[in-house]
Amino acid sequence: MEKKKIRVGLLGVGRGRVLWKYCKECDNAELVAVCDCWEEGLEKMKLRVQDDSVTYYTDFNDFIKHDMDAVFLANYAVEHAPFAIAAMKAGKDVISEVLPVQTMAEAVELIECVEATGKKYFYAENYCYMNGPVEMRRAVRSGSLGELEYGEGEYMHNCEPRWAELTRGDPDHWRNTMSAFFYCTHSVGPLLHIAGCRPQKVVGVEGPFTARMARMGAKAGNMAMEVVTLENGAVLKSIHGVGPSKDSVWYSVYGAKGRMETAREDAGLKGVSTLYTNLDQVEGVSENNVTCTEPADEIAKKGAAHGHSGSDFVSFWNAFEYFAGNPQADAITIYEALDMWMIGFFGYLSAMDGSTAKQIPDLRDPAVREQYRNDRRCTVARIAGEQLLPSYSKGVPFIDPSVYEEAHKQWLLLDDKR
């Protein structure tokens, strides 16, 4: 009997192209509809897809009525929650790109929509599905690492070469107004997913506003760090940013039986796809069992040619298996997604308060949610209103308008070449 495919619609043709690539090669999903208000982008998508069975929309209200099972949200990172809520109210399951919400008020509304509709929500934090973090999670679940005691995660990305393309020279683009803590789940998300328990407390420290950030027009520190205490007492350190001089994606975990860490990119060993393991057979009996492997199960091998070290493919596979009811699917549900996001949000509040530790609320509790139902603090003026936060903990830096004018010129040149 042929396996039923999940019929999925796509919102956002930029990042969303990864879904089309997945559907061409998989057996559990098919692309049936695409929506974007950018008409030129839609036309380019049609030329790539060349499939008359796919319907295209410029209006979300029309798109969401399409006969489909699920929606992949690949629109702007500050706009996922409202569309997720609309999709679930329309009877669709949701895959959300990074990030899940923009404010605590959205977090409350999104949780309650999931609970009220009974629809499934999958957070596509693809870095959780890279080979190294996947093996680390298995080691915690199997007990071979022992009780998790400490973890470190890095997502350091020098975005200066692509900033004009990403922001189009718009001084109010969300990337130019976000805090350094905003894009936190690529670094802390895998650690939290590996640990499998809730964060309770965070201390945030922000890097400086540097010459690189000024050249980019990004009004924040070049990086942020969160130190997180989990409910089991373990400690995590997460560091991430769009303004370091070099890139780094790296994870390390310590347990009662030893240590596991991914290779550094500069080592030339496929980075996060290579794992160093040094584990003891018995807790308290120290050995030196160092191994270096490139772990990958069959799903990871099948998706190896896909983006982000194959994790785009693996995250989609788990999402569609989750929607289909496969109990083996490794899903990041709404509660865990918001735990990941809140580490950055409360980390920023900590940094603005002299790096004083902040408690992370448990939004699984309806009584706790009431405290945040109207909390719209964020760095986007149209969302925050009077609750607007500065983009930098030491005050919003001045950027000469010529920076944005030049970036816009660069973007126009790039767009002409496409």
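Which residue out of 404, 372 is of a type outside the set (S, T, N, Q), touching a Ser or Thr at 6+ places or on another chain (Cβ under 9 Å) and open to solvent by less than 30 Å² (accessible area, probe 1.4 Å)?
404
So which residues in segment 108-125 are under 30 Å from residue 254 (Cα atoms) and touching a Gly at 6+ places or on another chain (Cβ under 8 Å), if there are any at all?
Result: 125, single match.
Could you say which residue among 166, 192 is of a type in the set (A, V, I, L, M, F, W, C), open to solvent by less than 10 Å² (accessible area, probe 1.4 Å) and either touching a residue at least 24 places away in the same chain (Cβ under 8 Å) or within 21 Å of residue 124 (Cα to Cα) (or both)?
Residue meeting the stated conditions: 192.
Among the residues of segment 86-104, which ones are assigned to a helix (DSSP H, G or I) and either crowded, with 21+ Cβ neighbours inside 10 Å or free of Cβ contacts under 8 Å to residues at least 24 places away in the same chain (or both)?
Of everything in segment 86-104, those that are assigned to a helix (DSSP H, G or I) and either crowded, with 21+ Cβ neighbours inside 10 Å or free of Cβ contacts under 8 Å to residues at least 24 places away in the same chain (or both) turn out to be 87, 88, 104.
Which residue pairs have Cβ atoms closer than 6 Å, lie 6 or more positions apart in sequence or on different chains, and pair a first residue in segment 331-342 that is on the phi < 0 side of the Ramachandran plot with a second residue that is hydroxyl-bearing (Ser, Thr, Tyr) and part of a helix (DSSP H, G or I)?
So the pair list comes out as 331/322; 340/185.
When the residues of segment 267-276 are narrowed to those that are touching a residue at least 24 places away in the same chain (Cβ under 8 Å) and out of contact with any helix residue (DSSP H, G or I) (no Cβ under 6 Å at 6 or more places or on another chain), which ends up most open to solvent (accessible area, probe 1.4 Å)?
270
Report yes if residue 356 is over 25 Å from the mean Cα position of the chain (by Cα), at pLDDT 95 or above and either open to solvent by 30 Å² or more (accessible area, probe 1.4 Å) or among the basic types (Lys, Arg) (or both), otherwise no.
For residue 356, the condition - over 25 Å from the mean Cα position of the chain (by Cα), at pLDDT 95 or above and either open to solvent by 30 Å² or more (accessible area, probe 1.4 Å) or among the basic types (Lys, Arg) (or both) - is met.
Out of the residues in segment 20-40 that are closer than 18 Å to residue 306 by Cβ and among the aromatic types (Phe, Trp, Tyr), state the one that is most open to solvent (accessible area, probe 1.4 Å).
20
Report every pair of residues separated by at least 6 positions or lying on different chains whose Cβ atoms are under 8 Å apart, first residue within segment 389-404 and in a helix (DSSP H, G or I), second among the basic types (Lys, Arg) and at pLDDT 95 or above.
Partner pairs satisfying both residue conditions: 403/215.
Working carefully through the options 226, 261, find the one that is open to solvent by 10 Å² or more (accessible area, probe 1.4 Å) and modelled with pLDDT of 95 or more.
So the residue among 226, 261 that is open to solvent by 10 Å² or more (accessible area, probe 1.4 Å) and modelled with pLDDT of 95 or more is 261.
Any residue in segment 298-322 that is open to solvent by 40 Å² or more (accessible area, probe 1.4 Å) sitting within a Cβ distance under 8 Å of a residue that is polar (S, T, N, Q) and in a helix (DSSP H, G or I)? List the pairs, counting only those 6 or more apart or interchain.
These pairs meet every condition: 308/126; 309/131; 309/273.
Just a yes or no: is a residue in segment 128-144 in a loop (DSSP other than H, G, I, E, B) and farther than 28 Å from residue 295 by Cα?
For segment 128-144, residues in a loop (DSSP other than H, G, I, E, B) and farther than 28 Å from residue 295 by Cα: absent.
With 75, 131, 126 as the choices, which residue is farther than 20 Å from residue 344 by Cβ and either surrounded by fewer than 24 Cβ atoms within 10 Å (Cβ to Cβ) or polar (S, T, N, Q) (or both)?
Exactly one of 75, 131, 126 is farther than 20 Å from residue 344 by Cβ and either surrounded by fewer than 24 Cβ atoms within 10 Å (Cβ to Cβ) or polar (S, T, N, Q) (or both), namely 131.
Please verify whether segment 218-241 includes one or more residues that are in contact (Cβ under 8 Å) with a residue 40 or more places away in the chain and part of a helix (DSSP H, G or I).
Looking through segment 218-241, none of the residues is in contact (Cβ under 8 Å) with a residue 40 or more places away in the chain and part of a helix (DSSP H, G or I).
I'm trying to understand the selection: among the residues of segment 1-19, which are open to solvent by less than 50 Å² (accessible area, probe 1.4 Å) and farther than 15 Å from residue 69 by Cα?
Passing the criteria: 12, 13, 14, 16, 18.
Just need a number here: residues in segment 332-347 that are open to solvent by 20 Å² or more (accessible area, probe 1.4 Å) and over 19 Å from residue 112 (Cβ atoms).
The total comes to 0.
Residue under question is residue 81, and the condition is that it be without any contact (Cβ under 8 Å) to a residue 60 or more places away in the chain and open to solvent by less than 10 Å² (accessible area, probe 1.4 Å); does it hold?
yes
The values are calculated or read from the model by the stated rules, or taken from the named source; none is laboratory data. Note that the coordinates shown come from a computational prediction; the quantities given were computed from them, not determined experimentally. All Cβ positions, glycine included, derive from the backbone under ideal geometry; neighbour counts span all protein chains shown. Note: accessible area is taken over every heavy atom of the protein model, side chains too, but ligands, DNA and RNA are not part of it. Shrake-Rupley method; radii C 1.70, N 1.55, O 1.52, S 1.80 Å.
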